[in-house]
Structure formats: structure tokens, C-alpha cells
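Engineer: Sharing a structure with you now.
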Amino acid sequence: MKKSVKNISIFLGVSMLAFGTLKFINPFKLWYKTQVVTSELPFQQFSYWAGQLGEILSGLALIILVLFQKRIPKKSFYLGFTLINVSIAFMMLVAIYVHTHPDVPNDVLPLKIKPPFIPVLFMVLAILNSWLNKSKIKR
């Protein structure tokens, strides 16, 4: 694994795990619930849990893949790595939608600002991470 991929993966993994865990603790829990409700996401109960658990599980999985890369078969590693980065990019796409939704108040968003700087950064990092990890898998 390239050093850049390892660094991006650890940063994304720890950050996703932290942000997902924070959504269980007030005031973040209340802010997150307000974001889900006011952004009119479909299946709100599912969206609420999918966001939290998706961030926690993708963060943990990315950390585990980096730490135990040598013990995981290359094809399995590449598939898991790609799926995790795609799922992070998708979650950030939803976060961008939430940030830009006109009914979501600024005071329930990270940094208390409408522009989705954090979700865009994380989405770009996930895509870049996947692209940088172009693996030479033997078929």
C-alpha cells in the first residue's frame, strides 16, 4: 500500500469513526436528528441509523483493512477497500444534499455554515484514495 493511500485511509477511517460515534452524544445527536428531519430524507428512521452506523462501520473497516492488509487476500482487500471508499463517497453525497437543503438551519451543521466543505473534502479524499490504490491484482 502506498504511503499516501495509507495516510488517507487512516485519516478517513478515524474521522468517519469519530463523526459516526459523536452522533450518539448530545448536542451532536440532536443536530443530526434535526438534519435528517428538516432535509426531508426518505425513510427518516432508516436514514438516521444508516448514517450513524455507516460512518462507524466504514471507519472501522478502513482501519482494519490498513492494519491487517498483509493478512487479507489481495482480491478481497481490493474489493473491500473499493466498496468502503464508494460508500464513504455516497454518504458524503447525501451529506452535501443535507447541507445545501434550504430547510436545514446553519446551527445544526458542522462549522455552523451552509457550504458543505467537510463532506466535499471527505468525498474527494475517498475518490482519490480509491484512485491512488489502483492495485495490480493477479487474476
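Derivation of every value follows stated rules applied to the coordinates shown; laboratory data play no part. Just so it is clear, the model here is predicted, and its values are computed rather than measured. Cβ atoms come from the backbone with ideal geometry, glycine included; neighbour counts cover every protein chain shown.
Engineer: With a sphere of radius 14 Å drawn around the Cβ of Ile25, what net charge do the other residues whose Cβ falls strictly inside it have (Lys, Arg +1; Asp, Glu -1)?
Structural biologist: On the way: positive: Lys23, Lys29, Lys33; negative: Glu55.
Taking every Cβ under 14 Å from that of Ile25, the sum is +2.
Engineer: Taking the Cα-to-Cβ direction at Asp107 and at Phe28 and moving 7 Å from each Cα, how far apart do the two end points lie in nm?
Structural biologist: Roughly 2.1 nm, to one decimal.
Engineer: Another one. Working from Cα positions, state the angle (0 to 90°, nearest 10) between the long axis of helix 44-67 and the longest principal axis of the chain.
Structural biologist: The angle comes out at about 30 degrees.
Engineer: So how tilted is helix 74-100 from the main axis of the chain? Cα-based, degrees 0 to 90, rounded to 10.
Structural biologist: Result, in degrees: 20.
Engineer: In what sequence do Lys134, Lys23 fall when counting other Cβ within 10 Å, fewest first?
Structural biologist: On the way: Lys134 10, Lys23 20.
Fewest to most other Cβ atoms nearby, the residues stand as Lys134, Lys23.
Engineer: Among Asn26, Asn85, Asn106, which one shows the highest mean-square fluctuation when the chain is modelled as a Gaussian network with alpha-carbon springs under 10 Å?
Structural biologist: Of Asn26, Asn85, Asn106, the Gaussian network model singles out Asn26 as fluctuating most.
Engineer: Taking only Cα atoms, what is the 0 to 90° angle, nearest 10, from helix 28-38's long axis to the longest principal axis of the chain?
Structural biologist: Relative to the chain, helix 28-38 is tipped by roughly 70 degrees.
Engineer: Between Leu67 and Lys3, what length in nm is gained on full extension when 0.36 nm per residue of separation is reduced by their alpha carbon distance? Intermediate results must be reported in sequence, preceding the final value.
Structural biologist: Working: separation 64, 0.36 × 64 = 23.04 nm, distance 1.29 nm.
Result: 21.7 nm gained on full extension.
Engineer: Taking percent of Cα pairs over 27 Å apart straight from the coordinates, which label in [x] 30; [y] 41; [z] 23 is the correct one?
Structural biologist: [z]
Engineer: Counting only C-alpha contacts under 8 Å and six or more residues apart, can you give the relative contact order of the chain as a whole percent? Before the final figure, lay out the partial values.
Structural biologist: On the way: 142 pairs, mean separation 43.8, N = 139.
This gives 32 percent for the chain.
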